[in-house]
Amino acid sequence: MRRKLVAGNWKMNGSAESIRGLLQGIRDGAAGVSAVELAVFSPFVYLAQVQQQLHGSAVAWGAQTLSEHASGAYTGEVAGPMLKDFGCAYAIVGHSERRTLYGESDQAVANKFAAARKVGIKPILCVGETLEEREKGITESVVERQLKAVLDLEGIGAFGEAVIAYEPVWAIGTGKTATSAQAQDVHAFIRAKLAALDAKVAGQTRILYGGSMKAANAGELLAMADIDGGLIGGASLEAKEFLAIAKAGC
Ligand code: PEP
């Protein structure tokens, strides 16, 4: 049985003060949604604060990206061992904003996935098609290509612990959500691809949906057989809404 994971990607939002309130609200409400695992992804500079406020709680935390490298002359980058120092359990890799705005290739994403695992951080690998790709009917081949880069480097065994997030790019931050049937189709496709390599691992891998998920649509999405949680952007910036999404998955 896969325990659902509801993960909040705060992106480049917040301040020390707003994050204090948000963390407090999530920490206070976590007991009411204990059937679901919660995790938050703050900007790097607030990770110490996140660690301090969530220490000893059931809420996990992580980073929104990480360097492919463990240390060295990479100005502005943050390495896996540094994230480990701040108690990160997870790191998002290959978010569509990183792929499109910062030119991260499938290979770079795979390298980041490996860098996280090397220090015992569970990667959350984001995959997903653009609107143009969906309209061309190539959603599955795009997702397969993104997945293959990681499978080629790290192998199927890595997905026992790692998480996949299917995030159709056209649904991120747009208010347009994939229907539960559209999302389930792609999730089932991903799981079948993993199962062709190892059925046991495929049965363990958590596949999250991301793209304008909110309390109002979470129940329907989280009820689908292959949707094991959500990666939430905008709606994770308010504790009440974030916890309501988690509640829908209980
Ligand atoms: C995301 O950025 O991963 C995301 C799903 O954003 P939103 O929920 O705002 O669409």
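Values in this text are rule-based calculations from the coordinates and carry no lab data. Being a predicted model, the structure only gives us computed values, none of them experimental. Every residue, glycine as well, gets a Cβ built from its backbone with ideal geometry; the counts of neighbours run over all protein chains shown.
Scattering from the stretch 125-250 was approximated by placing one identical point on each alpha carbon and applying the Debye formula without solvent; log10 I(q)/I(0) at 0.15, 0.18 1/Å stands at -0.66, -0.93.
Net charge around MET1, counting only other residues with Cβ within less than 12 Å of its Cβ (Lys, Arg = +1; Asp, Glu = -1)? Here the count lands on +3. The C-alpha atoms of the chain occupy a region whose extents along the principal axes are 46, 45, 34 Å, arranged from largest to smallest. By the rule of a C-alpha distance below 12 Å, with chain neighbours fewer than 8 residues away ignored, the aspartates and glutamates paired with LYS176 are GLU167. Dipole magnitude for the chain: computed about the Cα centre from +1 point charges on Lys and Arg Cβ and -1 point charges on Asp and Glu Cβ, it is near 480 debye.
Among residues other than PHE41 with Cβ under 15 Å from its Cβ, the summed charge is +1 (Lys and Arg +1, Asp and Glu -1).
Spin-label pair ARG145-HIS69: with each label point 7 Å from Cα along the Cα-Cβ axis, the two points sit 2.8 nm from one another.
Each residue of the stretch 203-212 is assigned a 3J(HN,Hα), and the resulting list reads x, 8, 5, 8, 10, 8, 9, x, x, 6 Hz, derived from the Karplus form 6.51 cos²θ - 1.76 cosθ + 1.60 (θ = phi - 60°), x at Gly and Pro. Of the residues GLN182, GLN204, GLN64, the one that moves most in a GNM of the chain with alpha-carbon contacts below 10 Å is GLN182.
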